[in-house]
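S.K.: There's a structure below that I have some questions on.
Bear in mind that the values in this text are calculations on the coordinates, not laboratory data. All figures in this text were calculated on a predicted structure; none of them were measured in a lab. We place every Cβ from the backbone using ideal geometry, glycine too, and count neighbours over all the protein chains shown.
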Amino acid sequence: MNQRFQNEEIGRVAEQYVGNELYQAVCSIGSQLEAELEFGLCPEECFMEASELLSAIAAKGEDFLSDIEDFWLRKHNEYKRLERNVSEEEIRKAVGVVFGFTILATDSSQHRFYSYTLSRRLMEVIAEHPFPDWSTTLDRIFSVPLADGWFDAFLDEESTPNMLELPKAINTTRAQQLFQKAIERGYMKYENGHFRWIGIGKSAHKSQLAYFLGCVYGYRHSVSGNTGIEFPTDELNALFGETKLYNLLVQVHTAQKKQKWRALIDDMFE
């Protein structure tokens, strides 16, 4: 069984969300589900994946109904790309488990659209991509208690996000959204007005930061140089306390072998 979340990442999620009821619900049976999966979907990763889906639902509301199948396929392809040696059934089960905990959350809503219409459509998509004993797995997930109205409180929190303190020259809506997403995934930390890149895995953290920022601010690499928006080198170096982010960004793109961690960052922009 593979585990993509490193111990450091698991610890950060556990510390940040220790009081979160959905996180507690995932943890209550997450280890059992992980043991059944060759994919290695640990409780912390499962919670973060479900939270990403719930945030997308909160952002689009009823319009998300038309996106559900696309979201399933995107997650399926992402997981398949990360674990090429895992069977198709295992990939479907991993996505199905994430969808299952998402349904557990939306079922707690007092609004009929979320608790009935949306939950039913999420279930239909799982049924359209079944895996062995899928109904039994979902029954186990749905047996976990979650307080009534949990998702409604989540919606209220999502609708009033705290704005990050970014310098005016680089403070864009896109930057606000993607920095928030990086924080939610545990890749970045924001405390007392200061940003710190935590990273993915155990190495190449500065290169990851440079690549992430290049994606945020429209860097497009070619043999002749940047073909996108001018990279705001000075502002970003100052924001993260670095000195060579642009050089690292170019090195990432000119490396002979594509770095594995790039797939996880790329997923944030799909």
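S.K.: List, in the order given, every pair from Lys60/Lys206; Lys75/Lys258; Lys93/Lys260; Lys60/Lys202; Lys75/Lys168; Lys93/Lys206 whose Cα-Cα distance in the structure shown is over 29 Å.
M.R.: On the way: Lys60/Lys206 33 Å; Lys75/Lys258 21 Å; Lys93/Lys260 23 Å; Lys60/Lys202 35 Å; Lys75/Lys168 34 Å; Lys93/Lys206 34 Å.
Table pairs above 29 Å Cα-Cα are Lys60/Lys206; Lys60/Lys202; Lys75/Lys168; Lys93/Lys206.
S.K.: Can you tell me the dipole magnitude for the stretch 168-267 around its Cα centre, using point charges on the Cβ only (Lys, Arg +1; Asp, Glu -1), in Debye to the nearest 20? Don't skip to the answer; put the middle values down first.
M.R.: Numbers: 14 positive and 8 negative charges, 77 e Å.
Here the stretch 168-267 has a charge dipole of around 360 debye.
S.K.: Please compute the net charge surrounding Pro167, taking Lys and Arg as +1 and Asp and Glu as -1 over other residues with Cβ under 11 Å from its Cβ.
M.R.: Details: positive: Lys168; negative: Glu165, Asp234, Glu235.
Once positives and negatives cancel, what remains is -2.
S.K.: Rounded to whole Å, give me the distance from the Cα center of the stretch 199-238 to that of the stretch 22-42.
M.R.: 34 Å
S.K.: With each pseudo-label sitting 7 Å past Cα toward Cβ, what's the Glu36-Ala56 distance in nm, one decimal?
M.R.: That separation, rounded to one decimal, is 2.4 nm.
S.K.: Please find, in a Gaussian network model of the chain (springs between Cα atoms separated by less than 10 Å), the residue of Arg185, Arg220, Arg12 whose mean-square fluctuation is greatest.
M.R.: Fluctuation is largest for Arg220.
S.K.: Another one. Can you tell me the orientation of helix 245-254 relative to the chain, as the angle in degrees between its alpha-carbon axis and the longest Cα principal axis, to the nearest 10?
M.R.: 70 degrees
S.K.: Report the residue, chosen from Ile29, Ile91, Ile200, that carries the largest GNM mean-square fluctuation when the chain is represented by alpha-carbon nodes joined by springs under 10 Å.
M.R.: Per the Cα network of the chain with a 10 Å cutoff, Ile29 tops the list.
S.K.: Also, quick follow-up: If Lys and Arg each add +1 and Asp and Glu each add -1, what is the summed charge of the other residues whose beta carbon sits under 10 Å from the beta carbon of Lys189? Let's see the in-between values first.
M.R.: Numbers: positive: Arg12, Arg196; negative: Glu191.
Once all neighbours under 10 Å are counted, the net charge is +1.
S.K.: Would you work out if the stretch 14-67 is rounded, prolate or oblate? Take a ≥ b ≥ c from the square roots of the eigenvalues of the alpha-carbon gyration tensor; rounded if a/c is under 1.5, else prolate when a/b is larger than b/c, oblate otherwise. Don't skip to the answer; put the middle values down first.
M.R.: Working: a/c = 2.93, a/b = 1.58, b/c = 1.85.
It is oblate, given that a/c is not under 1.5 and a/b is not larger than b/c.
S.K.: Given the stretch 67-223, report the % of alpha carbon pairs whose separation exceeds 28 Å. Please report the intermediate quantities before stating the final value.
M.R.: Values: 4894 of 12246 pairs.
Of the Cα pairs, 40 percent sit more than 28 Å apart.
S.K.: Against the longest principal axis of the chain, how steep is helix 43-60, in degrees 0 to 90 to the nearest 10, with axes from Cα atoms?
M.R.: With both axes taken from Cα atoms, the answer is about 90 degrees.
S.K.: What does the net charge come to around Asp107 if you take all other residues with beta carbon closer than 14 Å to its beta carbon, with K and R at +1 and D and E at -1? It would help to have the intermediate numbers written out before the result.
M.R.: Details: positive: Arg112, Arg120, Arg121; negative: Glu21, Asp139, Asp148, Asp152.
The answer is -1.
S.K.: When the helix-only estimate is applied to the chain (DSSP H runs of n ≥ 4, each -39,500 (n - 2.57), divided by the residue count), what is the mean residue ellipticity at 222 nm, nearest 500 deg cm²/dmol? Let's see the in-between values first.
M.R.: On the way: 13 runs with 155 residues, N = 270.
Taken over the chain, the calculation gives -18000 deg cm²/dmol.
S.K.: In degrees, nearest 10, range 0 to 90: what is the angle between the Cα axis of helix 7-16 and the longest Cα principal axis of the chain?
M.R.: Roughly 70 degrees, rounded to the nearest 10.
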